[in-house]
1. Any residue in region 35-55 that is surrounded by 10 or more Cβ atoms within 10 Å (Cβ to Cβ) sitting within a Cβ distance under 8 Å of a residue that is hydroxyl-bearing (Ser, Thr, Tyr) and in a helix (DSSP H, G or I)? List the pairs, counting only those 6 or more apart or interchain.
2. Within region 127-143, does at least one residue satisfy the condition of being outside any helix (DSSP H, G or I), over 60 Å from the mean Cα position of the chain (by Cα) and at pLDDT below 90?
3. Can you give me the number of residues within region 1-34 that are among the charged types (D, E, K, R) and either touching a Leu at 6+ places or on another chain (Cβ under 9 Å) or surrounded by 10 or more Cβ atoms within 10 Å (Cβ to Cβ) (or both)?
Amino acid sequence: MEMLNQLGGLVLGAVPTMILFLMLVAAYGLLVRRPLERVLAERRARTSGAVEQARNAISEAEAKTAGYEESLRRARAELFAAREKRMKQWSAERDRALAEARAGTTEKVQAAKAEIEQSVAVAQLQIEEMSAELSEKILRAVMPAGTRPEAAQ
């Protein structure tokens, strides 16, 4: 029994400590835990919101990059097509100029051939006339003075 009395005295002496402890737990819950949980929840919301915004920004940047790359591809294709068109134009102009030059050269060559043929014909006539004269002179020089060149033939 004595032990029970002592135990009862200890429990009775611990009651104010238990009440103080319960008041401290209640004060902790009201003053620290709830505001801390509210701040942590707000922080978590802001952090997840910032992460979500960052993900959205990354996806938008990737979409813009894809758009820029597509624009760049199109621009390169247009430049290539324009360059090909210019090369074809230059080639066509060069071919036209070559054809004109060939035509002009062909005309000049034909004119020169005709002129040469005409000169050859004139030279042949001159040679024929001169050969007849020259043969007469040779016959006169070789034949005695009294003989006629027509009779010797």
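The values are calculated or read from the model by the stated rules, or taken from the named source; none is laboratory data. What you see is a predicted model, and the numbers here were worked out from it, not measured in a lab. Note that we place each Cβ from the backbone using ideal geometry, even for glycine, and neighbour counts take in every protein chain shown.
1. As it stands, the answer is none, since no pair meets every condition given.
2. The answer is yes, given that some residue of region 127-143 is outside any helix (DSSP H, G or I), over 60 Å from the mean Cα position of the chain (by Cα) and at pLDDT below 90.
3. 2
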